Amino acid sequence: MASLNVRAALLSVSFLILMLGLWELSTQPPAAQEAITEYELLMGVAGQESRVPPPSAVMKVAWTELSNPFYDAGANDKGIGIQLAYSVYRVLTGYLAAMAIALPLGFLIGMSPLMYKALNPYIQVLRPISPLAWMPLALFIIQDSDASAIFVIFICSIWPMLLNTAFGVANVRQDWVNVARTHELNPFKTAITVILPAAAPTILTGMRISIGIAWLVIVAAEMLVGGTGIGYYVWNEWNNLDLASVIFSILMIGVVGMLLDLALGKAQKLVEYKE
Amino acid sequence: MSKSFLEVDGLSKVYPDGQGGDLTVFEDVRFALEKGEFVCIIGHSGCGKSTILNVLAGLDEASSGNVVMNGKEVKGPGLERGVVFQNYSLLPWKTSLNNIVFAVKARWPKWSKDKVREHSERYLKMVGLDHALNRKPSQLSGGMRQRVSIARAFATQPELLLLDEPFGALDALTRGVIQDELVKIWEETRQTVFMITHDVDEAILLSDRIFLMSNGPNARIAESVKVNLPHPRSRATIFQNPAHHKIRDYLVDFLVNRSGSAQPEEDGSPIVIDPSAGDAAPKPVPAKPDTKTETAARAVNA
Ligand SMILES: Nc1ncnc2c1ncn2[C@@H]1O[C@H](COP(=O)(O)OP(=O)(O)OP(=O)(O)O)[C@@H](O)[C@H]1O
Ligand SMILES: [Mg+2]
């Protein structure tokens, strides 16, 4: 009997082949080209475009795109690598800015019941707001579409980090805090050498949730602000009715999102500890 | 009274009883410790032993009374008082060596890296864990963890060592082994130790004196029993000394029959008893009903 991993991999591959096969079959062009109805003509949808492209077409797009991902032929024609890089850059900038605020503030809230009580109402009101709802206000105040997209990422990734940091810090075992106290550590040293490592797994959980949300949101934000980025790219290809490119970029969004999550998952492993 | 190393005076602790009133856990607790003494405190569960120890550690505050060590009032925790907690309280993300390094660095911030490491390793060796330097607490057995915790406390060479039921969570075999180790370390270092235990034999093996605490609420440290047995002691031979039986019988009698009614001297200090010299129990004061017989029986069997 093969190991569980090998069997799972075999099964995965068979599912993939089965799915691609069904997809390919169901998207074959009709054997006899029927006359295009007047309605279809009116809608401007000719036979070729009215079908979802088969996987072979998507793979063709993938091949050409991935063999030269960083070409730049003007505003509306950039390689997928460049578009993804723009999105990742925005996500990381907004995310790091959120981190710079959420971690210290989370520490403060977690260590001080007074701060927790004082700030909690604001957090509870601000947190459920869809990040995209901030977009018009951001555009108006910042007057720059790129910075506005970054701001939206900032605002959506701050909450999970803030709440998890505060929760993690507030729930550090009193025993460990007492160890710091009996060794006369000052508050700063206590925060760095005891509370931070003790709360790190919870904080990293928040950071992992945040990066996931940020990656979800950037696509929508870039569809709104346009110009560059993978979200804009998807929307642009849809306007070009290039469905194969749309499907390809959807897959790429998934892959990059997975890589971001994987990276945070690795970091989480590093700070984990068993009691 | 001449100045002792540690003086505890009129200590009491009051909690709200949850019905609008007050619950005095213990009151007017007074005692003194001399430098180099090993003192155990025994009493029924809930009488306030841990609270007293935490007040000495500076982790808890008494409702009234004060603690003076070396002529200075104890306010808040400090490195001159080391604590071994019942649940070890090792930092789980650090290896056993680094748990000790953490404490040693806090105690002597100016020491070089090498010196800190060498000192820490020496104390780990003392508890027989030099083979487990790089293991995290989760990879150690309960007994090994408590050894690390003891090594950590001894490594900072505090003037007063506070141990709250350090072996409470260990099985009898492991407990015996670590007790022997503690005896050995103590003979070497002659630290001043204040320790809580539920185990009568453990208390006799380790202490110079044993404080007996009456039942709460309004518990007191009623008696101070001298353990007149020669050092160095060992678990294997201590039973052969006839004084051992007298002390043991005295303690068990207190826990089973007298802990409900025992009272200290008029002035609040514990009555000094030396069972090995034939001292009998002081005359009972009119007794409160004793409801703690079950726990007493457990303490005896332990
Ligand atoms: N926060 C609190 N509020 C109210 N009562 C408390 C509180 N903490 C402790 N107590 C009471 O104080 C008493 C003493 O507690 P303590 O932990 O010192 O007992 P102990 O002698 O160490 O018991 P054990 O042998 O079981 O460890 C208990 O009766 C407990 O109910
Ligand atoms: Mg206790």
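The values are calculated or read from the model by the stated rules, or taken from the named source; none is laboratory data. Just so it is clear, the model here is predicted, and its values are computed rather than measured. Note: ideal-geometry Cβ built from the backbone for every residue, glycine included; neighbour counts use all protein chains shown.
Would you point out the residue of the range B:164-176, among those that are outside any loop (DSSP other than H, G, I, E, B) and out of contact with any helix residue (DSSP H, G or I) (no Cβ under 7 Å at 6 or more places or on another chain), that is nearest to B:Ser149 (Cα to Cα)?
B:Arg175
Which condition from (1) under 13 Å from the mean Cα position of the chain (by Cα); (2) within 14 Å of chain A (Cβ to nearest Cβ) is the one that B:Cys40 breaks?
Result: B:Cys40 fails condition (2) only.
Pairs, please: C-beta under 6 Å, at least 6 apart or cross-chain, first residue within 18 Å of A:Lys189 (Cα to Cα) and without any contact (Cβ under 8 Å) to a residue 24 or more places away in the chain and in the range B:88-114, second among the small types (Gly, Ala, Ser) and buried (at least 22 other Cβ atoms within 10 Å of the Cβ)?
These pairs meet every condition: B:Val101/B:Ser120.
Going through the range B:102-112 one residue at a time, which ones are within 11 Å of chain A (Cβ to nearest Cβ) and either touching an Asp or Glu at 6+ places or on another chain (Cβ under 7 Å) or in a loop (DSSP other than H, G, I, E, B) (or both)?
Residues satisfying the conditions are B:Ala106, B:Pro109.
Scan the range B:26-35 and tell me whether some residue there is over 21 Å from B:Val68 (Cβ atoms), more than 10 Å from ligand 1 (Cβ to nearest atom) and either buried (at least 18 other Cβ atoms within 10 Å of the Cβ) or within 14 Å of another protein chain (Cβ to nearest Cβ) (or both).
No, the range B:26-35 contains no residue that is over 21 Å from B:Val68 (Cβ atoms), more than 10 Å from ligand 1 (Cβ to nearest atom) and either buried (at least 18 other Cβ atoms within 10 Å of the Cβ) or within 14 Å of another protein chain (Cβ to nearest Cβ) (or both).
Going by the structure shown, is B:Gln19 assigned to a loop (DSSP other than H, G, I, E, B), more than 15 Å from ligand 2 (Cβ to nearest atom) and either surrounded by fewer than 16 Cβ atoms within 10 Å (Cβ to Cβ) or modelled with pLDDT under 95 (or both)? Spell out the reasoning first.
Working: assigned to a loop (DSSP other than H, G, I, E, B): yes; more than 15 Å from ligand 2 (Cβ to nearest atom): yes; either surrounded by fewer than 16 Cβ atoms within 10 Å (Cβ to Cβ) or modelled with pLDDT under 95 (or both): yes.
Considered against the rule, which asks whether it is assigned to a loop (DSSP other than H, G, I, E, B), more than 15 Å from ligand 2 (Cβ to nearest atom) and either surrounded by fewer than 16 Cβ atoms within 10 Å (Cβ to Cβ) or modelled with pLDDT under 95 (or both), B:Gln19 comes out as yes.
Could you tell me how many of the residues in the range B:67-101 are at the interface with chain A (Cβ under 7 Å from one of its Cβ atoms) and either assigned to a helix (DSSP H, G or I) or of a type in the set (Val, Ile, Thr) (or both)?
Matching residues across the range B:67-101 total 1.
Take the residues in the range B:64-82 that are surrounded by fewer than 16 Cβ atoms within 10 Å (Cβ to Cβ) and in contact (Cβ under 8 Å) with a residue 12 or more places away in the chain, then tell me which one is farthest from ligand 1 (Cβ to nearest atom).
Among those residues, the one meeting the criterion is B:Gly71.
Among (1) under 17 Å from the mean Cα position of the chain (by Cα); (2) at negative phi; (3) not β-branched (Val, Ile, Thr), which single condition is B:Asn215 missing?
(1)
Residue-wise test of (1) crowded, with 22+ Cβ neighbours inside 10 Å; (2) within 16 Å of ligand 2 (Cβ to nearest atom).
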{"site": "B:Asp171", "(1), (2)": "no, no"}
{"site": "B:Val177", "(1), (2)": "no, no"}
{"site": "B:Trp186", "(1), (2)": "no, no"}
{"site": "B:Leu206", "(1), (2)": "yes, no"}
{"site": "B:Met213", "(1), (2)": "yes, yes"}
{"site": "B:Pro217", "(1), (2)": "no, yes"}
{"site": "B:Val227", "(1), (2)": "yes, no"}
{"site": "B:His231", "(1), (2)": "no, no"}
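Tell me the helices (runs of 4 or more DSSP H) entirely within the range A:95-181 that contain at least 1 residues that are of a type in the set (Phe, Trp, Tyr) and crowded, with 21+ Cβ neighbours inside 10 Å.
The qualifying helices (runs of 4 or more DSSP H) are A:145-170.
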